[in-house]
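One structure is given below, encoded as structure tokens.
The values are calculated or read from the model by the stated rules, or taken from the named source; none is laboratory data. The shown structure was predicted, so the numbers you read here are calculated from the model rather than taken from an experiment. Cβ placement follows ideal geometry from the backbone for every residue including glycine, while neighbour counts extend to all protein chains displayed. Heavy atoms of the whole protein, side chains included, go into the accessibility calculation; ligands, DNA and RNA do not. Shrake-Rupley method; radii C 1.70, N 1.55, O 1.52, S 1.80 Å.
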Amino acid sequence: MMPDLPEGARLPKLWEAVFSLLSLTVGIGVSIVLYGLDPQVPMLLGVIAASLIGVRAGFKWHDIEQGMVRGISNALPAIMILLVVGILIGVWILAGVVPTLIYYGLTVLSPSVFLPATLVICSISSLATGSSWGTAGTIGVALMGVGAGLGFPLPIVAGAVLSGAYFGDKMSPLSDTTNLAPAMAGTDLFTHIRHMTYTTGVTITLTLLIEIGLGLHYSATAVDLTRIQTILSTLEQNFTISPILLLPPVLVMLVSYRKLPAIPGITVGILAGALCGVIFQGADFAHLMTVSFNGFSASTGVEDVDSLLSRGGMQSMLYTVSIILVAMMFGGVMERTGQIRVVALHVLSRAKSTGSLILSTVLTAVGANLVLCDQYMSIVISGRSYADAYRARGLAPQNLSRAIEDSGTVTSVLVPWNSCGAYQATTLGVATLAYLPFTFFCWLSPLVTVLFGYMGWTITPLAKDEAEPVAAEGAEPVAEEA
């Protein structure tokens with residue numbers, strides 16, 4: 001929707017909007033790549049540049065400040081969800097829910113089906129924790145050693161580990177990216193997850209079939225499971241492991257499909273986890289409250305287990321919250337001064353169909369990973385830039401959030417200088433470009449979502465009571481598409 005222009009203000013020119021975007025992207029890229037800085041302060045340079053362009057276009061400081069406030073207010077639901085998710089992670093680890101999920105995931109390991117088992121194990125672990133980094137840095141490292149003993153090429157093993165880790169990260173309600181994408185697009189968490197099951201289901205099935213084929217090619221019969229057994233025994237010694245502890249995540253998934261709002265649904269999971277913690281792990285009220293804020297701190301004496309389980313709590317989400325706040329300041333200024341709209345109209349003039357709009361979204365998200373070096377910024381920039389364009393074309397916001405996660409979240413690990421790619425290469429001991437061809441899930445995901453867009457598969461139209469009364473320039477209503 002075109003912003004209301006104050007008296008004396010004009011709509012910025014395309015080059016002015018591009019200047020603001022470049023100020024943000026170049027500032028972040030140089031700061032992260034050359035100096036290894038966190039992105040928050042460099043992002044403020046983009047806020048300053050966008051504000052100066054707004055002043056140049058005739059906007060008063062009051063208007064620009066109100067844009068920042070409005071942008072931050074739009075992010076408050078996501079921030080609340082992130083804080084509640086932090087509590088959920090800490091409580092579930094204390095209650096033994098996460099350790100139980102990891103325990104049973106590890107027990108399905110079979111040498112004859114090592115690669116598909118690796119995919120499944122890492123998927124389960126990442127779904128349970130919402131962390132691709134934690135999964136790769138603990139279980140992933142162990143599986144790399146197992147794969148080497150079996151004679152599998154390490155880039156292939158790394159590809160299976162990361163495919164599973166990023167599948168779980170993308171689909172877990174505990175993941176910060178899974179919460180961030182729908183917030184930026186304008187939909188809710190569980191609607192977003194349900195809509196992703198179509199494209200993600202196809203992608204993970206294709207990935208599983210490929211891993212089965214590779215596993216048959218690199219078949220082996222002997223394996224040293226010492227490291228896996230160490231993790232299993234450590235979990236048994238420090239937690240009560242029981243199938244009953246699988247009920248809290250099952251309950252959360254059930255309420256999600258019953259369309260209970262995200263915060264009440266997650267709260268149900270917290271309460272169920274807290275009850276399990278009291279019954280099975282002997283947790284008391286003080287311990288539950290401490291873990292809810294500070295997260296769980298494991299001290300088993302086994303580094304792999306301690307690293308995997310020392311996380312969660314409200315405090316763990318504050319870094320992501322700070323990124324969201326600054327990013328939404330930038331987005332608020334860009335939106336209030338009409339700069340996002342100028343860029344969106346330029347893109348829309350070249351995107352003549354729903355498929356081409358989704359392709360543009362995917363390319364923007366991938367390009368942001370290349371330039372911004374951060375998957376959070378890729379999600380934020382893509383979501384804020386295209387939200388109005390999807391609505392104007394008559395497309396429900398979950399189409400946008402799915403396209404963002406199918407591209408922005410998963411391709412970050414394929415970029416050597418992205419924070420995700422650099423971390424995983426160092427952790428797994430395999431160069432990013434070496435594992436890239438074998439990380440099937442991560443590069444198939446954007447291809448599948450573009451295919452769905454062009455074919456019109458599972459594209460959800462905007463509800464009639466939410467549709468724009470007038471389509472944006474260059475946009476075609478979804479109902480008129482063949």
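Kindly establish whether ILE79 is modelled with pLDDT of 85 or more and part of a helix (DSSP H, G or I).
no
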Note to self: Quick check on VAL430: is it of a type in the set (Val, Ile, Thr), outside any helix (DSSP H, G or I), at pLDDT below 90 and closer than 24 Å to SER175 by Cβ?
What the structure shows: yes
Notebook entry, point to check: So which residues in segment 97-116 are surrounded by fewer than 22 Cβ atoms within 10 Å (Cβ to Cβ), modelled with pLDDT of 75 or more and under 14 Å from LEU309 (Cβ atoms)?
Noted result: LEU101, TYR103
Check: Of all residues in segment 369-391, how many are open to solvent by 10 Å² or more (accessible area, probe 1.4 Å) and more than 14 Å from the chain's Cα centre (by Cα)?
Finding: 8
Check: Taking GLY282, is it of a type in the set (Gly, Ala, Ser) and either surrounded by 23 or more Cβ atoms within 10 Å (Cβ to Cβ) or in a helix (DSSP H, G or I) (or both)?
Finding: no
Notebook entry, point to check: Does TYR435 meet the test of being farther than 21 Å from GLU211 by Cβ, in contact (Cβ under 8 Å) with a residue 60 or more places away in the chain and aromatic (Phe, Trp, Tyr)?
Noted result: no
Next item on the list: Of the conditions (1) within 20 Å of ALA95 (Cβ to Cβ); (2) at pLDDT 90 or above, ILE204 clears all except one; give me its number.
Entry: (1)
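Helices (runs of 4 or more DSSP H) wholly in segment 158-250 with at least 3 residues that are of a type in the set (Phe, Trp, Tyr) - which ones?
Passing ranges: none, list empty.
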Item checked: Single match in GLY27, GLY58 (criterion: over 21 Å from the mean Cα position of the chain (by Cα), without any contact (Cβ under 8 Å) to a residue 60 or more places away in the chain and either surrounded by 24 or more Cβ atoms within 10 Å (Cβ to Cβ) or not in a helix (DSSP H, G or I) (or both)) -> GLY58
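Just give me the residues in segment 179-200 being closer than 18 Å to PRO264 by Cβ and either in contact with a strand residue (DSSP E or B) (Cβ under 9 Å, 6 or more places away or on another chain) or buried (at least 24 other Cβ atoms within 10 Å of the Cβ) (or both), in sequence order. Can you show your working first?
Narrowing segment 179-200 to residues closer than 18 Å to PRO264 by Cβ: 179, 182-183, 187-194.
Those that are closer than 18 Å to PRO264 by Cβ and either in contact with a strand residue (DSSP E or B) (Cβ under 9 Å, 6 or more places away or on another chain) or buried (at least 24 other Cβ atoms within 10 Å of the Cβ) (or both): ASN179, PRO182, ALA183, LEU189, HIS192, ILE193.
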